[in-house]
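Read the structure below first, then the notes.
Taken together, the values in this text are just the output of simple stated rules run on the coordinates, not laboratory data. Owing to the predicted nature of the structure, the values given are computational and were not obtained by experimental measurement. Heads up, the Cβs are rebuilt from the backbone with ideal geometry, glycines too, and the neighbour counts pull from every protein chain shown.
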Amino acid sequence: MEKLAVIDLGSNTFHLLIAQLDAQQQLTVVLRKRVYARLARTGIGLISATSFQEGLRILEDFKSILDEHQVKETKVVGTEMLRLAPNGADFVQQVYALTGLQIEIISGLKEAEYIYLGIKQLHPTSSYLIMDIGGGSVEFILVRDGKQVWMTSVPIGIAVLYFRFHLSDPISEIELHQLRQFLSEKTTHLAEALKEDSVEELVGASGVFETFFDVLGVPSNQAIDVAAIQNRLDKLILSSYQERLELDSIPKNRKKMIIVASALLKYVLEQTSVKRMRYSPNSLKEGLLYAMIQEKKI
C-alpha cells in the first residue's frame, strides 16, 4: 500500500502527517508528529538565526522519518511566516539542499482552501464558521450546508498580536483596547459576510483551540456553549504569566501567547451569532492530504 505525507510549516509549529492509501483509496493515518519550531520566535518578520537552524534540524528529522516509512510522495507547504520573512527564500533553498524536500509557499486563500477541505471530511453537510488561529495569520471560512461560501486570511495571528500588544504582565487594559481596535480594523470583511449569512457554530481548527478545550475542561469531541465560557475567557485574559505557569492544562509553549489568542477568540465570539464552539482535529494538513488523493483520481 502506498504511503503519502504532508508537512505543514506554520509560524510556530511544524506538523508531519503520514498516511497509507489502499487500493480503494481509503486512508489510514500511520504517524502524526508536531514540533514547536518557533520560526516566529522574535515576531513575524525575519527568521532569527536560532529559529532558522532549529527549523532545518527539525526538517532533517522529518526527512529521516519519511525515509524510514518509505513514503512515496510528500507535499510540504509554508504559510504566513515564510510568506513574509525576507530570508524565507533562503530557508526554502537550504531545506532543499539538506533534505531534498521542496517547500511550496502558499497564499493565505490557498491555506484557507486546504483548511476547509480538511474539516469538510468531518462535517460534510453542516453550516458553520471555521476559524484557524496560526502564528502569523488567521483563516476564516464560512460554510453553508457543507459548501464553502466565503473565505479570507487575515494577518492577525497570535505572534503578530503578542509582539505588538502584549507588552505588560498581566496585559493592560490599554493594550487590550488597542488589540481590539486593531482586530476591528482587520476583520471588517468578516463582519460583513456574517451579516449576510450568519451561522450558529464555530469550528476551531488549530492547536490553540485544542488548548482552549483543555483549559476549559471540555473533551475535545464535545461542543462548548459559548455563553458559558465568556467569564472563564475573561479570567484567562487577565491572568499573569506566573499564574499560567501553574496551569498544567496550558502547554509550556503556549503559556505566553494564550492571552492574545483568548482575546482574539473573545472578540470573534462577540462579533458573531455563534452559540456553540467545536474543536476540529482536522485542518490544513488533512486538507492537503485529501487534495493529493483527489489529484491521483484524475
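Can you show me the helix-derived [θ] at 222 nm for the chain, built from DSSP H runs with n ≥ 4 at -39,500 (n - 2.57) apiece and divided by the number of residues, rounded to the nearest 500. Mind dumping the intermediate values first?
Working: 12 runs with 132 residues, N = 298.
Computed mean residue ellipticity for the chain: -13500 deg cm²/dmol.
With a ≥ b ≥ c taken as the square roots of the eigenvalues of the C-alpha gyration tensor of the stretch 94-231, please select rounded if a/c is under 1.5 and otherwise prolate if a/b is larger than b/c or oblate if it is not? Walk me through the intermediate numbers first.
Values: a/c = 1.41, a/b = 1.04, b/c = 1.35.
Taking the square roots of the gyration eigenvalues as a ≥ b ≥ c, the stretch 94-231 is rounded.
So what's the angle, to the nearest 10 degrees on a 0 to 90 scale, between helix 88-99 and the longest Cα principal axis of the chain?
Roughly 40 degrees between the two axes.
Please go through the residue pairs Lys255/Lys285; Lys110/Lys195; Lys75/Lys275; Lys120/Lys296; Lys3/Lys255 and name each one whose alpha carbons sit more than 28 Å apart in this structure.
On the way: Lys255/Lys285 24 Å; Lys110/Lys195 24 Å; Lys75/Lys275 36 Å; Lys120/Lys296 19 Å; Lys3/Lys255 36 Å.
Too far apart for the 28 Å limit: Lys75/Lys275; Lys3/Lys255.
Need one word for the chain: rounded, prolate or oblate. Basis is the Cα gyration tensor (sqrt eigenvalues a ≥ b ≥ c); a/c below 1.5 gives rounded, then a/b vs b/c decides.
Values: a/c = 1.72, a/b = 1.26, b/c = 1.36.
Here the chain falls in the oblate category.
With r as the distance between the Cβ atoms of Ser249 and Gln102 and R0 = 30 Å, compute the FRET efficiency 1/(1 + (r/R0)^6) and round to 0.05. Mind showing how you got there, number by number?
Details: r = 38 Å, r/R0 = 1.27.
After rounding, the FRET efficiency stands at 0.20.
Using the alpha-carbon atoms, what tilt in degrees (0 to 90, nearest 10) does helix 284-297 show relative to the longest principal axis of the chain?
Around 40 degrees separate the two axes.
Once Lys and Arg get +1 and Asp and Glu get -1 on their Cβ, which of Phe213, Leu190, Leu202 lies farthest toward the positive end of the dipole of the stretch 124-279?
Phe213
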